[in-house]
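Each value in this text was obtained by applying a stated rule to the coordinates, not by laboratory testing. All values derive from a computational prediction rather than experimental measurement. With ideal geometry, Cβ positions are generated from the backbone for all residues, glycine too; neighbour counts draw on all protein chains shown.
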Amino acid sequence: MPTATKAERIATFFERLQDAPAQESAASALELLRQTLNAVEDELTDIPYNPEHWQTDGRLYPPRDDAARSVDGYPQITRYRSRAHNAYVAANGAIEIRDDNDNVVLVKPAANGEGVWT
């Protein structure tokens, strides 16, 4: 199988994440991020899942628990630091992804219609 470009895989990930049902909790939102990205990578690359090689194998990996950071002034939000972006996951199930320049690249409201910061 030919490997899709990184840009194609990211675009597919964002599309699928937007199309997925809205979530009701931080745990389910984080699981949605993880399952969606792993499914995209499994389908669009031939790179085996091996998180120990995340820096060198070319596969995109979802946020890990050890990448979780608190957000000052927002105890209901957890920031997950990844290469070139931050994923913010709120207790209500909302997701926001920002690039390293703090540009918002994805907003997925929670099941209650609220965003990460509301």
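Before moving on, here are some points about what is shown:
Let's see how each residue does on (1) surrounded by fewer than 18 Cβ atoms within 10 Å (Cβ to Cβ); (2) in contact with a Ser or Thr (Cβ under 8 Å, 6 or more places away or on another chain); (3) farther than 30 Å from Gly113 by Cβ; (4) not aliphatic (A, V, I, L, M):
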{"position": "Lys6", "(1), (2), (3), (4)": "yes, no, yes, yes"}
{"position": "Ala11", "(1), (2), (3), (4)": "yes, no, no, no"}
{"position": "Arg16", "(1), (2), (3), (4)": "yes, yes, no, yes"}
{"position": "Pro21", "(1), (2), (3), (4)": "yes, no, no, yes"}
{"position": "Arg34", "(1), (2), (3), (4)": "yes, no, no, yes"}
{"position": "Asn38", "(1), (2), (3), (4)": "yes, no, no, yes"}
{"position": "Asp42", "(1), (2), (3), (4)": "yes, no, yes, yes"}
{"position": "Asn50", "(1), (2), (3), (4)": "yes, no, yes, yes"}
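- Residue match in the range 61-70 (condition: in contact (Cβ under 8 Å) with a residue 24 or more places away in the chain, assigned to a helix (DSSP H, G or I) and closer than 25 Å to Thr3 by Cα): no
- Residue among Lys108, Lys6 that is in contact (Cβ under 8 Å) with a residue 60 or more places away in the chain and of a type in the set (Lys, Arg): Lys108
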